[in-house]
Amino acid sequence: MAPAMAAWKRHRSDLIGTAVLGTVGTIATVMGLGYGVFTEGNRVGPGFLPVVVGLFILVAAGLELGRILFAGRALSEGSVMALVEDVEQEAAEQISETRREEQRDTFGRTAKQRNWAPLYIFAVLAAALLLVDLVGLVLSFALAVAFLIIVIERRPWWVGLLATAGAVAFIVVIFKALLGIPLPSGYLGLI
């Protein structure tokens, strides 16, 4: 049996999944070309990003297909990759041992607290979205960032305020000053 055929049987699901990704990349590229990559005056058109991303996915899928079909034979016992895999496995075992022994992370949070954090983050984002109509985008965004950093991440208040100021400055400079996009000010018209 040919080596490529043996690789096909061994890695059938990987090959099919990678081929599907390649197809998605091709479709994105073709659709982006239909929208137009550039407009008049050599400005970036609506199809530019789909073409770039589609080509990236297509090339990555092609390289992955080649790796699966042809590099699989080079990964035998005693090879460099076998050594790397052994080292990775030992490191993973040591990390899991360390996690069992240590119950708190560097910020003093337990695993339970870390597991609840994404739920709290989504709740804060939902509240911030609801506040946009009342207090405006900038103030709502600032309150959300400050709450996330000070309360959920349990950082010092001055770190939260500095991060909030930086995030607000970024939003205002990029969207309002450079791009000229009007930011919602809310019913109260505070900012």
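The values are calculated or read from the model by the stated rules, or taken from the named source; none is laboratory data. Quick caveat, the model's predicted, so the values are computed rather than measured. Backbone-built Cβ (ideal geometry, glycine too); neighbour counts: all protein chains shown.
A few comments on the model shown:
- Beta carbons closer than 7 Å, at least 6 apart along the sequence or on distinct chains, pair a first residue in region 165-191 that is more than 15 Å from residue 141 (Cβ to Cβ) with a second that is among the charged types (D, E, K, R) and surrounded by 11 or more Cβ atoms within 10 Å (Cβ to Cβ) for 187/133.
- Here the condition is being part of a helix (DSSP H, G or I), at pLDDT below 80 and either surrounded by 13 or more Cβ atoms within 10 Å (Cβ to Cβ) or not assigned by TED's automatic domain parsing to the domain that holds residue 12 (or both); of 106, 98, it holds for 98 alone.
So that you can scan it fast, the table gives a plain yes or no per residue for (1) of a type in the set (D, E, K, R); (2) surrounded by 15 or more Cβ atoms within 10 Å (Cβ to Cβ); (3) modelled with pLDDT of 90 or more:
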site	(1), (2), (3)
25	no, yes, yes
31	no, no, yes
61	no, yes, yes
69	no, yes, no
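- If you filter region 158-182 down to residues that are of a type outside the set (Gly, Ala, Ser) and surrounded by 13 or more Cβ atoms within 10 Å (Cβ to Cβ), you find that the one that is nearest to residue 145 (Cα to Cα) is 164.
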